[in-house]
1. Under 28 Å Cα-Cα from Lys221, which lysines qualify once same-chain neighbours fewer than 8 residues away are excluded?
2. How far, in degrees from 0 to 90, does helix 97-110 lean away from the longest principal axis of the Cα atoms of the chain, to the nearest 10?
3. Residue by residue through segment 136-153, what is 3J(HN,Hα) from phi via Karplus (6.51 cos²θ - 1.76 cosθ + 1.60, θ = phi - 60°)? Round to whole Hz and write x for glycine and proline.
4. Rank the residues Ile504, Ile379, Ile477 as a footprinting-exposure proxy: fewest other Cβ atoms within 10 Å of their Cβ go first.
5. Sorted by mean Cβ packing within 10 Å, highest first, what order do the peptides 193-199, 260-266 take?
6. For the chain, what is the Kirkwood estimate of the hydrodynamic radius, computed as the reciprocal of the mean inverse distance between distinct Cα atoms, to one decimal in Å?
7. Placing +1 at every Lys and Arg Cβ and -1 at every Asp and Glu Cβ, with all other atoms neutral, what dipole size does segment 45-234 have around its Cα centre, in debye to the nearest 20?
8. Under 16 Å from the Cα of Lys498, which aspartates and glutamates turn up, not counting those fewer than eight places away in the same chain?
Amino acid sequence: MNSFFARKFVVQGIFIVLSIILLLRLFYIQVISEEYILSAENNVIRRLPIYPARGIILDRNEKILVQNEPVYDLMVIPREVKAFDTLEFCKLIGISKQGFDRRFKKARNYSPYKASIFEKQLSVQVYASFQEHLSNFPGFFVQNRTVRRYPDSIAAHFLGYIGEVNPKVIEKSNGFYRQGDYHGITGVERSYEELLRGQRGVQNLMVDALNRPKGNYAGGKYDTVAVSGEHLISSLDKELQRFGEQLMKNKIGSIVAIEPSSGEILSFVSSPGYDPNLMVGRQRGNNYMALLNDKYKPMFVRPIQAEYPPGSIFKVVNALVAQQFGMINENTYFFCPGGYRYGRRGFMGCTHVHGSINLKGSITESCNTYYGYTYARMIDQAGMRPVNAYKKWRTAVSAFGIGSALGIDLPAEASGHLPTDEYYTKRFRNDRWGSSFTISLSIGQGELGITPLQMANVMAIVANRGFFYKPHLIKAIGDKKVIKEEYTTKNSAGIDQKYFDVIIDGMSAVVNQPSGTAWVSRMEDIEMCGKTGTVQNPHGKDHSVFVAFAPRDNPKIAIAVVVENAGFGATWSAPIASLMVEKYINKTIKRPQAYVDRLMQANLLPGAAGQSAGSRVTDSSKKEVNKALTERRTIKNNE
């Protein structure tokens, strides 16, 4: 008996101790600690995220390119929803009854107790009419946020677009992103996401029985403030960008313009383009699919992702490299009988018989034969095995930023293609190949692939007489206008300055002398130095290419223009480039409106009226000039 009563008191003691502990814990939670206050009041408190204003993006003159616009997300807590008139609800926000059922099921599957988005991005107009009836729909409330707005509807590929985060992005963010957050998906929006996005805040609101906000809980003691994203000053010139997009309407191709003295990109045109406002709002998904399925691929970022054989513009690079190697100089002449013979029966045709021609003339008149001989000297007569000479040549060419990504501040930049010696050794099944095996590289054809950005960067190198700054689209960051250090570093192309003069003489003559291939694109008050190219296209009419910089002394702009399936470089790309140069330097166009209209109104899309597959052509001098002169006289007569 005594043992029984002893155990009884022990058990009672344990229960008493546990009860005291629980009472003390409850007293701590309810009276002393504030940790559970918000949880205890969840039935009357709504915890709302405060989305920060995303940083705005300006052009180089601090004019707005992208700004923010208020919208409203309609939220729902399924367990709080009571019976109401769903047809009226659907009518107010513009959805069907089936759409309502689908959305509500999704929200309930996510959580009956947690708020989730029922309908995204109600406009100000829709919200204004819906707000009056909000008390009729228990369980629903509205959350403020902002979306992007593009007042000029330009530069879509440069700016990019934002969208809702997916589970993979949320997981990678280590807790920063939550369901319903937005992030940059393409363009500058993605590259500078961490600066643009800002920091989310929290607001705790008291709500009444009808789910209507009744003010901040505890006077806002537990709220946190949202921090807006940094604004960005881009290098883009808004007016030049708009003009470039107008010139490239109904054409496939690119315009890239760079300020040589800084590497800042002045214009970044990818055509066909699209209105960036299509990627905002409730129709974004439908618009995205329509753009994705467009046969002309308007979402393809051609300035940094399209790769083309550079054609005759590559002669500038070969001329500079050959001089640096000591293989040619400004007084080196070769005889052009109308083509270059190599190997046993190989023949690379030229546009016509140039006769004896020097280095400057080879640039001005774009002589293929001259560069066949020049390339052969670099590969076959370098005093080493041809395969090793090719390695040396490739290293020199790569210093121009060819064959590797330049590191522009945009995602998904292509590197281009500059074949290695291993590539050719594997292809020819031995390493005893010489210049005759790769002779097409002498005139920028064959396996070479260069992006329009790389083409423009080569022109920046020539304009600077031997160096370049990394091309970039964001000039400065925030109120302090911070500039990334990597954009202030000079990058040498490995060519001595003295070798550029003769090349620039030849490029000036291309535009400013009657014998030049782009003479019809000359300007009276600006000395532009350029080079035409006509790039072989096995799928149809050849691509029109032109690269240039201006003015000759103290250059302000370097530019590359590619118009696909347009034929001669002098006919389309050169006039477009010259107008862009004139617009940027003079801020206006002095040439006749008919000259401008011809370019803006032309429809060069494959399959358009007047477009057909053309035969293979190479860059020409007289033929291009005569064709362009005829067109110019026709314009003049019609004025």
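1. Hits, sequence-local ones excluded: Lys114.
2. 70
3. Values, residue by residue: 7, 10, x, x, 10, 8, 10, 10, 6, 7, 10, 10, 6, 9, 10, x, 9, 6 Hz.
4. Least to most surrounded, the residues fall as Ile477, Ile504, Ile379.
5. Ranked from most to least packed, the peptides come out as 260-266, 193-199.
6. Evaluated over the chain, this radius sits at 28.5 Å.
7. The dipole of segment 45-234 has a size of about 640 debye.
8. Glu330, Asp553
Coordinate-derived values only; no laboratory data. A quick note: this is a predicted structure, and the numbers were derived from the prediction, not measured. No Cβ is skipped: glycine too gets one built from the backbone with ideal geometry, and neighbour counts run over all protein chains shown.
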